[in-house]
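Below is one structure, written out as structure tokens, with a few remarks after it.
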Amino acid sequence: MKTTRSGWWRIVSAVLLLVGSAMTARATPPEEEMNVKTVAAVLPAVVNIYTESFVEVADPHDQFIERFFGGAVYGSGRTLRKPVRSLGSGLLVSPEGYIVTNAHVVQRARQVTVKVTLHDKSNHEARVLRAVEELDLALIKIDAERTFPHFDLSRLSPNLLAQTVIAIGNPVGYESSVSKGILSARDRTLRFGDMVMEGLLQTDAAINPGNSGGPLIDGAGQLVGLSTAKMGTVAGDNRMIQVENIGFAIPGERVKAFVEESVGIATGRLPPPPEEALSEVLFEKFGLRLQELTPDLARAFAIRPGTGMIVAQVRPGTPAEQAGIERGMVVTAIGSQRVARDEDLPRALARARPGDPVSFTVLFRVRQGPVQSARIAQVTLRSL
């Protein structure tokens with residue numbers, strides 16, 4: 001049988017129509033997509049966290065005097081209360097209102113107000129029950145006459161390289177945002193400031209300020225980890241290099257263990273872990289014993305109050321003595337942390353291993369004839 005050209009076109013058109021119809025029939029509507037269902041199931045347990053705290057800072061006039069004229073002697077000693085606001089995310093992990101988030105989201109100062117917005121837009125004030133800086137994990141709680149939707153922490157992802165991961169959180173204030181990527185690497189080490197975090201997960205899913213404390217889940221809705229940081233730049237040859245798509249998360253196993261222990265402590269089922277005083281750690285590892293600069297001591301040493309902590313003792317043969325630190329000098333900062341009392345001592349001291357360097361900012365007085373002036377120097381001590 002002979003087929004004309006127009007007949008061939010009719011046959012081809014019919015075949016294409018059948019194929020198109022079959023493909024349309026097999027296409028999954030958006031509401032049936034696995035990722036859509038997964039996110040919809042998890043979103044009610046994801047919360048937005050807003051904090052406001054106040055920190056005491058030196059009067060800018062005093063900072064000018066200190067820099068150029070020896071302000072520890074001549075400054076007024078005034079401090080100003082400066083508000084510090086931050087935002088982050090969290091994950092409801094129980095119907096009673098326990099929430100896990102990052103320690104750096106809620107631990108910016110001694111007094112901090114934590115407000116939580118749920119997915120249903122209800123607002124609550126939260127209590128900080130526990131924050132462990134070296135883990136960068138915190139447990140907070142909201143109280144209400146209701147039960148809360150929550151995430152089942154027993155559902156942990158196998159965390160396989162290249163598996164799909166989804167980050168949910170509050171990036172730069174855009175609530176309930178979702179981004180997708182893959183699990184790029186495991187067991188990463190991240191250093192920022194005086195902190196070192198090990199065993200982190202790496203992902204190329206978009207993580208931005210505000211995502212901290214939000215969940216990183218897999219395609220089945222299981223917990224991969226808790227978003228904690230992103231890498232924005234890295235030092236290159238004489239310049240900073242912009243970095244894209246490198247984010248980090250705390251593994252789900254670590255999050256689950258922290259929550260179980262912290263809820264146990266909060267409810268009285270477990271005793272709080274013993275914690276060595278950081279003042280003793282400072283003495284053991286560096287040979288320094290510091291004392292709060294009370295008004296009487298400040299007058300006796302002619303130094304304005306709030307400048308730092310005075311050196312009360314230096315143990316012979318220790319890094320402090322070898323660096324030339326002496327009694328009567330004042331330590332104003334350890335690493336990037338300004339210190340004025342024992343509570344200011346950074347947790348990094350406890351993590352310092354033998355040989356690890358820690359920088360100390362030290363204020364001392366120099367006499368030139370009848371004139372006495374204050375000088376500031378940075379010294380690096382290596383832990384014992």
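Brief remarks on what is shown
- Breaking point among (1) assigned to a strand (DSSP E or B); (2) over 29 Å from Asp342 (Cα atoms); (3) without any contact (Cβ under 8 Å) to a residue 60 or more places away in the chain, for Ser89: (3)
- Meets criteria (in contact with a Pro (Cβ under 9 Å, 6 or more places away or on another chain) and at positive phi) for Gly221: no
- Filtered residues of segment 301-318 (kept if within 27 Å of the chain's Cα centre (by Cα) and part of a strand (DSSP E or B)): Met309
Conditions (1) part of a strand (DSSP E or B); (2) under 16 Å from Ile310 (Cα atoms), marked per residue:
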site	(1), (2)
Arg327	no, yes
Ala350	no, no
Pro354	no, no
Leu363	yes, yes
Leu381	yes, no
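- Meets criteria (farther than 19 Å from Pro251 by Cα and either among the acidic types (Asp, Glu) or not assigned by TED's automatic domain parsing to the domain that holds Glu96 (or both)) for Val196: no
- Any hit, segment 301-310, residues being hydroxyl-bearing (Ser, Thr, Tyr) and either at pLDDT 90 or above or touching a Pro at 6+ places or on another chain (Cβ under 9 Å) (or both): no
- Here segment 261-305 is the region considered, the condition is being among the small types (Gly, Ala, Ser) and on the phi < 0 side of the Ramachandran plot, and the residue that is surrounded by the most Cβ atoms within 10 Å (Cβ to Cβ) is Ser262.
Condition check ((1) part of a helix (DSSP H, G or I); (2) outside the structural domain of Val93 (by TED's automatic domain parsing); (3) at pLDDT below 95; (4) of a type in the set (Ser, Thr, Tyr)) across all residues:
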| residue | (1), (2), (3), (4) |
| --- | --- |
| Phe258 | yes, yes, no, no |
| Ser262 | yes, yes, no, yes |
| Pro271 | no, yes, yes, no |
| Glu284 | yes, yes, yes, no |
| Arg289 | no, yes, yes, no |
| Asp296 | yes, yes, yes, no |
| Arg299 | yes, yes, yes, no |
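- Against the conditions (1) in the same structural domain as Ala103 (by TED's automatic domain parsing); (2) surrounded by fewer than 18 Cβ atoms within 10 Å (Cβ to Cβ); (3) without any contact (Cβ under 8 Å) to a residue 60 or more places away in the chain; (4) assigned to a strand (DSSP E or B), Lys121 satisfies every one except (4).
- Taken over segment 196-230, the criterion of being surrounded by fewer than 17 Cβ atoms within 10 Å (Cβ to Cβ) and closer than 21 Å to Leu137 by Cβ is satisfied by Val196, Glu198, Gly199, Pro209.
- Looking only at segment 124-154, residues that are in contact with a Leu (Cβ under 6 Å, 6 or more places away or on another chain) and in a loop (DSSP other than H, G, I, E, B) come to 3 in all.
- The single condition among (1) part of a strand (DSSP E or B); (2) at pLDDT below 95; (3) in the same structural domain as Ser262 (by TED's automatic domain parsing) that Ile168 does not satisfy is (2).
The values are calculated or read from the model by the stated rules, or taken from the named source; none is laboratory data. Bear in mind that the values here come from a model prediction, so they are computed numbers and not experimental data. All Cβ positions, glycine included, derive from the backbone under ideal geometry; neighbour counts span all protein chains shown.
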